[in-house]
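The values are calculated or read from the model by the stated rules, or taken from the named source; none is laboratory data. For clarity, every value in this text was computed on a predicted model and none was experimentally measured. Using ideal geometry, Cβ is built from the backbone for each residue, glycine included, and neighbour counts are taken over all protein chains shown.
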Amino acid sequence: MTLLAPLANRTFARLFGAQVTALLGTGLLTIALALLAYDLAGARGGLVLGYALTLKMVAYVGIAPVANAFLGHLPRRGLLVTLDLVRAGVALMLPFVTEIWQIYVLIFVLQAASAAFTPTFQATIPDILPDERSYTSALSLSRLALDIENLASPALAALLLTLMPASALFFGTAAGFLGSAALVWRADPPRAPARPAASVWQRTSAGTRIFLATPRLRGLFALNLAAAAGGAMVIVNTAVIVGTLFEGSRTGVAVATGAFGVGSMLAALALPRLLSALPDRPVMLTGAAGLSVSLIFGAVIPALAPAFAAELWPAFLIWMAATGLAYSTILTPTGRLLRRSAEAAERPALFAAQFALSHLCWLVTYPLAGILGAWAGMTTAAVLLGLLAALATLGAMRLWPRALSDPSASDERARG
């Protein structure tokens with residue numbers, strides 16, 4: 001089966017188009033928000049943006065399970081379209097913001113809508129593509145879409161900024177969400193399976209309870225932490241490393257980030273065939289171990305960069321690509337574990353729990369990467385985050401024993 005085979009399914013193809021369109025809108029939002037924060041706060045713009053991103057993580061962690069408990073019974077098409085319209089409405093308000101507190105309120109509303117939208121969207125795909133090989137290819141396509149967006153959105157923003165003011169990027173964001181809403185409406189995704197009667201608390205905690213009861217998912221939580229440790233090092237500190245240690249420009253930051261994306265895309269392209277031959281556990285653990293090794297041994301690059309910047313620049317790009325490859329190897333198969341660990345009626349709650357718990361890891365590693373990089377230096381930050389990834393990998397090996405690599409969901413939960 002080829003990577004593009006899932007696109008033969010018309011419903012999935014339209015939903016995938018919706019994902020790509022919304023991702024482009026989200027990419028423009030990040031850039032426009034950074035420029036808006038600078039316009040309103042000047043030199044303190046980075047602090048404003050940091051608080052806004054923290055609010056994003058808080059919304060993701062706190063709202064996803066609650067939203068599923070209250071909204072999970074609604075028809076998916078109407079729910080997803082409504083949430084896209086909410087996000088588009090917020091984006092249309094942002095160009096008219098005049099106070100910093102208004103940014104925080106609007107971003108929280110937008111990210112709350114995303115916290116309800118994304119797990120619902122993700123839980124829909126296994127119902128559309130019940131065959132595991134097709135679903136694995138769909139996961140790789142989604143990963144590729146994320147990586148391509150990371151490359152395409154800055155280029156699109158740069159083009160648009162030559163034609164219009166920065167505030168107009170928010171209208172591009174709104175267009176992305178409106179395009180997503182239209183494609184979701186045309187796709188008409190299937191309704192969620194009926195859920196058994198339960199209290200609000202039981203529905204809210206259902207996904208977390210499945211995580212705690214299933215060894216492969218307890219291991220997945222540790223793997224989420226490993227991925228967040230490596231991802232935070234790259235996202236938070238790449239611009240600083242390129243700008244201060246390699247004396248690079250914004251173009252250099254884009255090239256380095258692109259190298260990370262290329263590594264991630266290579267993993268996404270290779271994983272469908274690899275996962276058809278090997279279980280998820282050794283593949284994901286190898287990715288996590290590779291990520292920790294990459295961080296620890298790659299720490300020598302920031303240490304030597306001030307003296308050998310020109311010579312080490314190619315090595316730095318290779319390191320970024322290797323880190324991206326390991327990072328994607330951990331995260332791309334995640335949906336397979338979730339799909340295998342729950343019945344259809346339980347999947348929305350489980351995807352919501354994964355969304356919240358994975359972003360809880362980012363809520364820890366984002367500030368940790370920033371603090372370590374600022375106060376202890378990039379070499380120390382890379383080593384300590386690499387050690388954190390290594391400890392998380394060892395935890396995953398223990399929490400997800402080899403003997404429980406591929407049993408059925410019911411067997412594994414009973415034995416966990």
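Considering (1) under 23 Å from the mean Cα position of the chain (by Cα); (2) closer than 28 Å to Thr124 by Cβ, the lone condition that Ala32 does not fulfil carries the number (2).
Would you call Arg87 basic (Lys, Arg), assigned to a helix (DSSP H, G or I) and out of contact with any Phe, Trp or Tyr (no Cβ under 7 Å at 6 or more places or on another chain)? It would help to see each step written out before you state the result.
Values: basic (Lys, Arg): yes; assigned to a helix (DSSP H, G or I): yes; out of contact with any Phe, Trp or Tyr (no Cβ under 7 Å at 6 or more places or on another chain): no.
So Arg87 fails the test.
Within segment 248-282, restricting attention to residues that are β-branched (Val, Ile, Thr) and either modelled with pLDDT under 90 or over 19 Å from the mean Cα position of the chain (by Cα) (or both), which residue is farthest from Ser140 (Cα to Cα)? Filtering first and then ranking leaves Thr251. Filtering Pro75, Pro65, Pro6, Pro95 for residues that are under 27 Å from Val364 (Cβ atoms) and in contact (Cβ under 8 Å) with a residue 40 or more places away in the chain leaves a single hit, Pro65.
The residue of segment 99-113 that is surrounded by the fewest Cβ atoms within 10 Å (Cβ to Cβ), among those that are farther than 13 Å from Leu29 by Cβ and touching a residue at least 24 places away in the same chain (Cβ under 8 Å), is Glu99.
Table: residues versus (1) in the same structural domain as Gly89 (by TED's automatic domain parsing); (2) at pLDDT below 90; (3) farther than 16 Å from Phe117 by Cβ.
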position	(1), (2), (3)
Leu4	no, yes, yes
Val20	yes, no, no
Gly25	yes, no, no
Leu28	yes, yes, yes
Ala34	yes, yes, yes
Ala37	yes, yes, yes
Leu40	yes, yes, yes
Ala43	yes, yes, yes
Leu53	yes, yes, yes
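Looking for something among the aliphatic types (A, V, I, L, M), at pLDDT 90 or above and either under 21 Å from Thr120 (Cβ atoms) or not in a loop (DSSP other than H, G, I, E, B) (or both) - is there at least one such residue anywhere in segment 185-196?
Filtering segment 185-196 for residues among the aliphatic types (A, V, I, L, M) gives 187, 192, 194.
Right, trim to at pLDDT 90 or above and you get 187.
Within this subset, residues satisfying the condition of being either under 21 Å from Thr120 (Cβ atoms) or not in a loop (DSSP other than H, G, I, E, B) (or both) are 187.
Yes, segment 185-196 contains a residue that is among the aliphatic types (A, V, I, L, M), at pLDDT 90 or above and either under 21 Å from Thr120 (Cβ atoms) or not in a loop (DSSP other than H, G, I, E, B) (or both).
Can you go through Thr332, Thr380, Thr365 and tell me which one is hydroxyl-bearing (Ser, Thr, Tyr) and surrounded by fewer than 22 Cβ atoms within 10 Å (Cβ to Cβ)? Before the answer, list the steps.
On the way: Thr332 fails: surrounded by fewer than 22 Cβ atoms within 10 Å (Cβ to Cβ); Thr365 fails: surrounded by fewer than 22 Cβ atoms within 10 Å (Cβ to Cβ).
Going through Thr332, Thr380, Thr365 in turn, just one is hydroxyl-bearing (Ser, Thr, Tyr) and surrounded by fewer than 22 Cβ atoms within 10 Å (Cβ to Cβ): Thr380.
Every residue, every condition in (1) of a type outside the set (A, V, I, L, M, F, W, C); (2) surrounded by fewer than 24 Cβ atoms within 10 Å (Cβ to Cβ); (3) outside any helix (DSSP H, G or I); (4) in contact with a Phe, Trp or Tyr (Cβ under 8 Å, 6 or more places away or on another chain), yes or no:
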| position | (1), (2), (3), (4) |
| --- | --- |
| Ser294 | yes, no, no, yes |
| Ile301 | no, yes, no, yes |
| Ala310 | no, yes, no, no |
| Trp313 | no, yes, no, yes |
| Ile318 | no, yes, no, no |
| Ala321 | no, yes, no, yes |
| Gly324 | yes, no, no, yes |
| Ser328 | yes, no, no, no |
| Arg336 | yes, yes, no, yes |
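From the list Ala228, Ala222, Ala174, the lone residue that is touching a His at 6+ places or on another chain (Cβ under 9 Å), part of a helix (DSSP H, G or I) and buried (at least 20 other Cβ atoms within 10 Å of the Cβ) is Ala228. The condition (being aromatic (Phe, Trp, Tyr) and under 15 Å from Leu106 (Cβ atoms)) is satisfied by just one residue among Tyr51, Tyr60: Tyr51. The criterion of being surrounded by fewer than 22 Cβ atoms within 10 Å (Cβ to Cβ) and modelled with pLDDT of 90 or more does not hold for Leu161.
Scanning segment 338-360 for residues that are touching an Asp or Glu at 6+ places or on another chain (Cβ under 9 Å) and assigned to a helix (DSSP H, G or I), we see that the one that is farthest from Gln111 (Cα to Cα) is Arg340.
Out of segment 343-355, which residues are of a type outside the set (S, T, N, Q) and buried (at least 23 other Cβ atoms within 10 Å of the Cβ)?
As a first pass, look at segment 343-355 and keep what is of a type outside the set (S, T, N, Q): 343-353, 355.
Within segment 343-355, Arg347, Pro348, Ala349, Leu350, Phe351, Ala352, Ala353, Phe355 meet the criteria.
Anything in segment 66-80 that is assigned to a helix (DSSP H, G or I), buried (at least 20 other Cβ atoms within 10 Å of the Cβ) and over 21 Å from the mean Cα position of the chain (by Cα)? List them, or say none.
Those that are assigned to a helix (DSSP H, G or I), buried (at least 20 other Cβ atoms within 10 Å of the Cβ) and over 21 Å from the mean Cα position of the chain (by Cα): Ala69, Arg76, Leu79.
Just one of (1) of a type outside the set (D, E, K, R); (2) buried (at least 22 other Cβ atoms within 10 Å of the Cβ); (3) under 30 Å from Ala123 (Cα atoms) fails for Leu385. It is (3).
When you look at Ala155, is it crowded, with 22+ Cβ neighbours inside 10 Å, part of a helix (DSSP H, G or I) and assigned by TED's automatic domain parsing to the domain that holds Leu169, yes or no? Working first, answer last.
Working: crowded, with 22+ Cβ neighbours inside 10 Å: no; part of a helix (DSSP H, G or I): yes; assigned by TED's automatic domain parsing to the domain that holds Leu169: yes.
So Ala155 does not fit the description; no.
Would you mind stating whether Ile128 is surrounded by fewer than 20 Cβ atoms within 10 Å (Cβ to Cβ), out of contact with any helix residue (DSSP H, G or I) (no Cβ under 7 Å at 6 or more places or on another chain) and within 30 Å of Ile330 (Cα to Cα)?
The answer is no for Ile128.
Out of Gly62, Gly50, Gly42, Gly25, one residue alone is out of contact with any helix residue (DSSP H, G or I) (no Cβ under 9 Å at 6 or more places or on another chain) and over 29 Å from Leu275 (Cβ atoms). It is Gly42.
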